[in-house]
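All of the numbers you see were taken from the coordinates with simple rules; none came from a lab. Note that the structure is predicted; figures quoted are calculated from it, not measured. We place every Cβ from the backbone using ideal geometry, glycine too, and count neighbours over all the protein chains shown.
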């Protein structure tokens, strides 16, 4: 079995393109319903995107670590590498949450400008490092410049930053935690143990959310601000949660438990694909497992509703089932029948998925941060100016204009991914 799974690269590219599409509409007031998250219980296609990424992280673990585990390589060294990657991805998440103001006031504009320059130095150093094919002096210099840039930001941060309201949970933070938990579990156990751990986490989360009373509030419930997960986040993360919810977080601490199972479903899928079974048996296994998970999710939904914002156990089963069906179909098309020409854009997106996602956050936040007052007294930023001057005049429907703007973002960041792909630059952490 070859270690590179083309269908996984394509699925990863589809997912990152979907993330950028749903995160960047022209206006949040005019978005087609399928491109919005469900208000609470229920699900839309947008609610598939994040769990797909966790599923993909899980699938990649056996492909990346399987041979090292089979050879009996030093597990402590592998775990150190896993933890290092966890720290980097979690740190990137915190950086995105703080960017671009870092809690600084308007009077600290010169300091923020300095940080943008340092960030640019770091990015150039990163590109230089990745473009170097050997341990050359250029690569070593780039590494030291990158580390120096980070060190300067940290040192100045002690004097200029205000992290009292910094959001600690987040998308990248959850990806980091799920990757760390799944990676270590993979090294320390077999697939049966992994399956039991995944099931145990789903049942434990169901018990905590549906049976355990909420301290100071009353019986267990699934209301946004009074469920046990919200109580737990307020206990440990008060003031550091999502700014739009304030008293609960969609990537909160307690809901990370079932999110780990999303990664485990992917991990079990990756182990299945690595076996010596025939291609059609592998596809059949993925499709059957996907249908079974969907069936379980709909039954469980009657008692523990499908809900992305609190990552319910039924939601894990539902999105895991859909992910298995999609990956199974792509595997059938690409890895068995070699119908891959249609997927080239997604392969390009998937080769630098994490980098493109981080850059999309940095670029969009920078566009919102650069503001001015127009001739007629209206407030503008780059993001709104582009939307109102280049898109709304062209499309008669504001919904179509908003969608076109989101698609333009997808194309822009595809262009960035394409430049990296053509230059054979693959940025990893």
How many angstrom separate the Cα center of the range 50-73 from the Cα center of the range 165-224? 19 Å
Report, in cubic angstrom per residue, the convex hull volume of the C-alpha atoms of the range 284-429. 203 Å³
How high is the relative contact order of the chain, in percent, with contacts defined as C-alpha pairs under 8 Å that are six or more residues apart? 27 percent
In a Gaussian network model over the chain where Cα atoms closer than 10 Å are linked, find which of 294, 325, 236 has the largest mean-square fluctuation. 236
Given 260-266, 16-22, the highest-first ranking by average Cβ count within 10 Å works out to 260-266, 16-22
Quick calc, residue 27 & residue 247: beta-carbon distance into FRET formula, R0 35 Å, rounding 0.05, result 0.85
Calculate, in nm to one decimal, what residue 333 and residue 221 gain on full extension: separation in residues at 0.36 nm each, minus their alpha carbon distance. 35.9 nm
How long are the three semi-axes of the equivalent ellipsoid for the range 185-312, computed from the Cα gyration tensor as the root of 5 times each eigenvalue, in whole Å, largest first? 33, 16, 13
Just to confirm my numbers, what's the Cα centroid distance between the range 1-47 and the range 236-268 in Å? 18 Å
Among 277, 174, 85: highest mean-square fluctuation, GNM of the chain, C-alpha pairs under 10 Å: 277
The chain - mean residue ellipticity at 222 nm from DSSP helices (-39,500 (n - 2.57) per run, n ≥ 4, rounded to 500): -22000 deg cm²/dmol
Consider the candidate values (i) 64, 61, 49; (ii) 63, 48, 41; (iii) 58, 56, 48; state which one is Cα extents along the principal axes in Å computed from the structure displayed. (i)
What ranking do 47-55, 386-394 get when scored by the average of other Cβ atoms within 10 Å per residue, highest first? 47-55, 386-394
